[in-house]
Amino acid sequence: MPAPTVHFSNLVSNYQTLVATYLPNVSAGSIPTPQEQELARAFIVLSHAEIEFYFESLCEEIISHAESEFKAGRVAKSALGIIAFSSTPVQNGGQLLISGSKQFARKLSERFYASAQAHRKVYEGNNGIRQKYLAPMFVPLGLTDESIDPTWIVLIDVFAEKRGAIAHKSMAHVEAQSKNINPGDVSKEVKRIIFDDPKLKTPGVISAIESFDEWASNHIAGVGSLNSRVKSRHSSLLQRLLWSAVNLVDRYEIRKRT
């Protein structure tokens with residue numbers, strides 16, 4: 001198992017701080033006071049912010065890693081995805097066969113960097129942690145639906161909806177009334193979103209942010225779901241072969257113009 005990313009370590013540390021600050025006296029079976037319920041409301045909003053920041057920071061690291069690998073002569077899987085999934089105008093090459101404009105990147109190497117910058121705008125404009133926000137950030141970077149436990153996605157969507165009702169409405173509103181919040185339930189809900197349940201965890205399946213972070217670490221390392229030296233060597237060789245192919249296509253495009 002790879003070491004957790006610094007982003008996950010920060011998330012765990014900040015989560016623990018929020019629990020100690022806003023849910024210090026949560027006990028099973030106890031009836032929460034109005035003050036404890038209001039603290040739970042704050043915990044929901046701030047926990048959501050920490051989780052959202054985690055995903056955005058991780059997205060940037062994967063993009064930056066793809067760029068650094070590209071500059072070093074290696075093509076990461078995420079680099080291919082960034083190009084393949086980009087739908088920005090820069091990717092259509094423009095309407096002229098011969099163009100002196102730099103607006104349209106035509107060399108593969110140029111298209112990658114243009115796509116990477118375009119993908120940054122996706123997470124920079126992100127508005128939450130629901131799957132409709134996570135999919136545009138991570139599917140182009142190599143995340144596939146068969147590797148995700150759908151139950152975890154449901155948990156995230158439900159939690160995000162609850163946070164929205166609290167953050168965007170007055171406490172007097174029926175959807176945000178503190179009487180509907182049980183601090184004990186909130187604590188378990190966020191813990192389940194962040195940490196895998198050892199009894200339910202399936203190897204290779206993302207069922208919490210913890211296993212999502214494992215996927216990201218392996219993805220950045222270029223070893224997929226198996227962290228073996230053999231697979232790592234094969235991955236490095238493939239990345240260099242892809243880089244050679246990119247250069248070959250670029251040279252071919254230059255020759256066609258001349």
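In region 26-47, of all residues being among the hydroxyl-bearing types (S, T, Y) and not in a helix (DSSP H, G or I), the one that is nearest to A116 (Cα to Cα) corresponds to S27.
Being of a type outside the set (A, V, I, L, M), out of contact with any Gly (no Cβ under 8 Å at 6 or more places or on another chain), within 30 Å of S115 (Cβ to Cβ) and not in a loop (DSSP other than H, G, I, E, B) is the requirement here; does E50 meet it? Here the answer is yes, as E50 does meet what is asked. For the criterion of being within 28 Å of F212 (Cβ to Cβ) and not aromatic (F, W, Y), E60 passes.
Name the residues in region 141-150 that are modelled with pLDDT of 90 or more and surrounded by 11 or more Cβ atoms within 10 Å (Cβ to Cβ), would you? If the condition is that a residue be modelled with pLDDT of 90 or more and surrounded by 11 or more Cβ atoms within 10 Å (Cβ to Cβ), then I148, D149 are the ones that fit. Just to be sure before I move on: is E161 at pLDDT below 90, in a helix (DSSP H, G or I) and surrounded by fewer than 16 Cβ atoms within 10 Å (Cβ to Cβ) in the structure I sent? Here the answer is no, as E161 does not meet what is asked. Condition first: closer than 18 Å to L143 by Cα, modelled with pLDDT of 70 or more, assigned to a loop (DSSP other than H, G, I, E, B) and in contact with a Leu (Cβ under 6 Å, 6 or more places away or on another chain). Can you find one or more residues in region 77-88 that meet it? Checked region 77-88: no residue is closer than 18 Å to L143 by Cα, modelled with pLDDT of 70 or more, assigned to a loop (DSSP other than H, G, I, E, B) and in contact with a Leu (Cβ under 6 Å, 6 or more places away or on another chain). Residues in region 9-25 that are in a helix (DSSP H, G or I) and over 14 Å from E52 (Cβ atoms): S9, V12, S13, Q16, T17, V19, A20, T21, Y22.
For F104, the test of being at pLDDT below 85, closer than 25 Å to W215 by Cβ and surrounded by fewer than 19 Cβ atoms within 10 Å (Cβ to Cβ) is failed. Could you go through region 46-59 and let me know if any residue there is buried (at least 19 other Cβ atoms within 10 Å of the Cβ) and of a type in the set (S, T, N, Q). For region 46-59, residues buried (at least 19 other Cβ atoms within 10 Å of the Cβ) and of a type in the set (S, T, N, Q): present. If I filter region 27-43 for residues that are modelled with pLDDT of 95 or more and buried (at least 20 other Cβ atoms within 10 Å of the Cβ), do I get at least one hit? The answer is yes, given that some residue of region 27-43 is modelled with pLDDT of 95 or more and buried (at least 20 other Cβ atoms within 10 Å of the Cβ). When you look at K179, is it modelled with pLDDT of 90 or more, within 27 Å of S30 (Cβ to Cβ) and either of a type in the set (A, V, I, L, M) or over 13 Å from the mean Cα position of the chain (by Cα) (or both), yes or no? Considered against the rule, which asks whether it is modelled with pLDDT of 90 or more, within 27 Å of S30 (Cβ to Cβ) and either of a type in the set (A, V, I, L, M) or over 13 Å from the mean Cα position of the chain (by Cα) (or both), K179 comes out as no. Quick check, is L226 of a type outside the set (S, T, N, Q), closer than 24 Å to E61 by Cβ and modelled with pLDDT under 95? The answer is yes for L226.
The values are calculated or read from the model by the stated rules, or taken from the named source; none is laboratory data. This structure is a prediction, so every number in the text was calculated from the model and none was measured. Quick reminder, even Gly has a Cβ in these numbers, built from the backbone with ideal geometry, and neighbours come from all protein chains shown.
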